[in-house]
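Note sheet for the following structure.
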Amino acid sequence: MTASDTHRAIDAVWRIESARIIAGLARMVHDIGLAEELAQDALVAALEQWPESGVPDNPGAWLMAIAKRRAVDRIRRQQRLEQKLEEIGHGLETEDPAPEFDAVLDAVDDEPIEDDILRLVFTACHPILSPQARAALTLRMLGGLTTEEIARAFLVSEATVAQRIVRAKRTLSEAGVPFEVPEGAERAGRLASVLEVIYLIFNEGYAATAGTEWMRLDLCQEALRLGRILAELAPEESEVHGLVALMEIQASRSRARTGPSGEPVQLLDQNRALWDRLLIRRGVEALLRAEKLGVPPGPYVLQAAIAICHAQAVTAEETDWARICALYEVLARVAPSPVVELNRAVALAMAYGPERGLELVDTLVSEPSLKDYHLLPSVRGDLLTRLGRLDEAREEFERAASLTRNAPERDLLLERAAACASG
């Protein structure tokens, strides 16, 4: 195996194993920042040794063993040897480093690694951090992405991402956030924070907020991977299955969402033969798992149910807009927000005519949180177009184009404005 082959193998192993290694170490040292540092030390050791010695038969176990050894060494250097060895080594003698190390490994392996990963998810997504910091830390800790990859995904500088990650780890450490899965009333709030982060990552890939690409499928895939992992770790949480269902259905449309030149293709204009039936089936199965838990539907379950209404329509004309309207009414009660109302307006317009939709949209024009939200004038422009009020529609499309930071979307909006001008 050449050196380049070895480095590719190391990259692949790291993507697969990094979350497990960091999670296991975090339970040892009670600090995810230190845990990541120790895991990185093991990665450096692999980069130094594997090109000469070859990739081990069990590379993940090799990395974990090296990282744990570094953890024990760090504990020694911090002069907390006696206290920490009693805690993680069960009172081992310190004169013989080899038996001590073996016993430490045994002690750390007592709990299933899935429990550690779930702890890592809840810690990295702690609501004490900003959404952007949570997303960066999650992609770093659980996705194994480099700072460069995260920066490229979110179209920000590497320095910005590095700063977010450093500050996030420092904030968690200074706040004494425990490395644990919350219980009781706190669990629901913390789970909502976790789901928010995963969906934020997905949405940034599904409809990029800025840049020259309409979609970044690598982010969609990473969010789906995280969602699927979480669904296995927390099978009794209906909203987890709801989010997975929603992402599976939305991801199923990926091939149909862009034209030959990468331009956006709106939902009603998409070639549904290009929709991925396997992802749709997986989405339906995830929603069924959520519904079988027998709890009132939450926001993600309701949004997934809306997405499945679209997926089940063979053509755009067959879409059950009345059911979608009913689901949006429930969603508006469960999780009221101006964005939900805007989406409900679209459904009302499709089910009962553009006048009904425009009536609701007009009540949102003065909403402060939508002041710079480009989809508000975009939706309003669409409804005005359907009503034949083309001059007003053109102004709305031009305003929407001025607000979006995504180049393909801006081009589409300007084309629609030009079409209104030409009558």
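The values are calculated or read from the model by the stated rules, or taken from the named source; none is laboratory data. Quick caveat: nothing in here was measured; it's all calculated off a predicted structure. Here Cβ is always computed from backbone atoms with ideal geometry, including for glycine, and neighbour counts include all displayed protein chains.
Taking the options LEU384, LEU358, LEU364, LEU348, name whichever one is under 27 Å from ILE280 (Cβ atoms) and modelled with pLDDT of 95 or more.
Result of the check over LEU384, LEU358, LEU364, LEU348: LEU348.
Name the helices (runs of 4 or more DSSP H) wholly within the range 319-401 that hold at least 3 residues that are of a type in the set (Gly, Ala, Ser)?
Details: elements: 321-334, 338-352, 354-362, 375-386.
Because the criterion is at least 3 residues that are of a type in the set (Gly, Ala, Ser), the helices (runs of 4 or more DSSP H) in the range 319-401 that meet it are 321-334, 338-352.
Matching residues to (1) more than 21 Å from GLY24 (Cα to Cα); (2) in contact with a helix residue (DSSP H, G or I) (Cβ under 6 Å, 6 or more places away or on another chain):
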{"residue": "PRO178", "(1), (2)": "no, no"}
{"residue": "VAL181", "(1), (2)": "no, yes"}
{"residue": "GLY184", "(1), (2)": "yes, no"}
{"residue": "GLY189", "(1), (2)": "yes, no"}
{"residue": "ASN203", "(1), (2)": "yes, no"}
{"residue": "GLU213", "(1), (2)": "yes, no"}
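Please work out which residue is nearest to the chain's Cα centre (by Cα), limiting yourself to the range 21-53 and to residues that are more than 20 Å from ARG74 (Cα to Cα) and crowded, with 17+ Cβ neighbours inside 10 Å.
Looking only at the range 21-53, we keep the residues that are more than 20 Å from ARG74 (Cα to Cα), and these are 47-53.
Subsequent filtering for residues that are crowded, with 17+ Cβ neighbours inside 10 Å retains 50-51.
Values: TRP50: 32, PRO51: 34 Å.
Step by step, filter the range 21-53, then rank; the result is TRP50.
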Restricting the search to the range 168-199, which residues are farther than 18 Å from LEU120 by Cβ and either basic (Lys, Arg) or surrounded by 15 or more Cβ atoms within 10 Å (Cβ to Cβ) (or both)? TYR199
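Here's the yes/no breakdown for (1) in a loop (DSSP other than H, G, I, E, B); (2) at pLDDT 95 or above; (3) buried (at least 23 other Cβ atoms within 10 Å of the Cβ):
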| position | (1), (2), (3) |
| --- | --- |
| ILE229 | no, no, no |
| GLU232 | no, no, no |
| VAL240 | no, yes, yes |
| VAL244 | no, yes, yes |
| ILE249 | no, yes, yes |
| ARG255 | no, yes, no |
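Check the range 318-335 and report whether any residue there is hydroxyl-bearing (Ser, Thr, Tyr) and out of contact with any Asp or Glu (no Cβ under 9 Å at 6 or more places or on another chain). Write out each step before concluding.
Restricting attention to the range 318-335, the residues satisfying the condition of being hydroxyl-bearing (Ser, Thr, Tyr) are 319, 328.
Those still in the list that are out of contact with any Asp or Glu (no Cβ under 9 Å at 6 or more places or on another chain) too: 319.
Yes.
Here is a yes/no grid of residues against (1) more than 11 Å from the chain's Cα centre (by Cα); (2) at pLDDT 90 or above; (3) in a helix (DSSP H, G or I); (4) not small (Gly, Ala, Ser):
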residue: VAL166; (1), (2), (3), (4): yes, yes, yes, yes
residue: THR171; (1), (2), (3), (4): yes, yes, yes, yes
residue: GLU180; (1), (2), (3), (4): yes, no, no, yes
residue: GLU183; (1), (2), (3), (4): yes, no, no, yes
residue: ALA188; (1), (2), (3), (4): yes, no, yes, no
residue: ALA192; (1), (2), (3), (4): yes, yes, yes, no
residue: GLU196; (1), (2), (3), (4): no, yes, yes, yes
